[in-house]
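The values are calculated or read from the model by the stated rules, or taken from the named source; none is laboratory data. The model shown is predicted, which means the values in this text are computed figures rather than measured ones. Reconstructed Cβ throughout: ideal geometry from the backbone, glycine too, with neighbour counts over all protein chains shown. What goes into the accessible areas is simple: the full protein's heavy atoms, side chains included, and nothing from ligands, DNA or RNA. Shrake-Rupley method; radii C 1.70, N 1.55, O 1.52, S 1.80 Å.
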Amino acid sequence: MTVPEIKVCGITRPEDATFALTEGADFLGFILYHKSPRRVTLEEALALFDAAEVPKEKRVAVDVNPNPSHLSQLKKEGFSLFQLHFPFDLPRERIGQWVQAVGSENLWLAPKLRPGESFPEDLTTFASSFLIDGFSPDAYGGTGQSADWNQFAEWRNSWADKDWILAGGLSPENVSQAVAISGASRVDANSGVESAPGIKDAAKIRAFFASLNPT
């Protein structure tokens, strides 16, 4: 099994960021969505960058249907990647404005899809990376619900030129199986490596990395 890239999301404390980086995290996610229990303000995120010496290329801003001008500000402030959650039927003009703000190569698009729904093929023209999360009717991410790993594999095979990121309830106990079934080249750890929302558990983070790279 090829070891996927690993993003640790929902960082709120510098010690968690430092530990995740020490363990080998390829990306760290900072959630700016105001309804998230793991939300940080832009000012708090910038302080975390400094305190944990987070490399610029590993900084992922996570938000839900943000204003394009806000994305432009985040890019100026030092974020490199942008994981954006949104309703699957969001007007495409809005997504086009995100592309103009930060560039398609920096977007991780995360449409909210109900179980059994087809992936919106037209979205593949807007970005090179797509994140598939577990579905919850009243939340965007961080719910602990698992995505459909087999469906993920089908979409990944259908658009093999894109990067596919698997999220949703991944933990040290299930991530190895999830990668084997889905073929994900990137995985996103959040609630599965926490002791409480926004509070990462060092032992769980270490076990998560070890389960994907046991050597």
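Computed quantities for the displayed model
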item	result
Number of the condition not met by residue 62 [criteria: (1) surrounded by fewer than 23 Cβ atoms within 10 Å (Cβ to Cβ); (2) modelled with pLDDT of 95 or more]	(1)
Tally of residues being surrounded by fewer than 23 Cβ atoms within 10 Å (Cβ to Cβ) and either over 15 Å from the mean Cα position of the chain (by Cα) or modelled with pLDDT of 95 or more (or both) across segment 166-177	6
Single condition residue 189 does not satisfy, out of (1) modelled with pLDDT under 95; (2) in contact with a strand residue (DSSP E or B) (Cβ under 8 Å, 6 or more places away or on another chain)	(1)
Breaking point among (1) over 27 Å from residue 121 (Cβ atoms); (2) at pLDDT 95 or above; (3) among the polar types (S, T, N, Q), for residue 67	(1)
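Here is a yes/no grid of residues against (1) open to solvent by less than 40 Å² (accessible area, probe 1.4 Å); (2) in a helix (DSSP H, G or I); (3) of a type in the set (S, T, N, Q); (4) farther than 20 Å from residue 131 by Cβ:
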| site | (1), (2), (3), (4) |
| --- | --- |
| 30 | yes, no, no, no |
| 38 | yes, no, no, no |
| 46 | no, yes, no, yes |
| 57 | no, yes, no, no |
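Residues checked against (1) aliphatic (A, V, I, L, M); (2) farther than 23 Å from residue 9 by Cα; (3) surrounded by fewer than 17 Cβ atoms within 10 Å (Cβ to Cβ):
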residue: 67; (1), (2), (3): no, no, yes
residue: 71; (1), (2), (3): yes, no, no
residue: 81; (1), (2), (3): yes, no, no
residue: 110; (1), (2), (3): yes, no, no
residue: 118; (1), (2), (3): no, yes, yes
residue: 124; (1), (2), (3): no, yes, yes
residue: 128; (1), (2), (3): no, no, yes
residue: 160; (1), (2), (3): yes, yes, yes
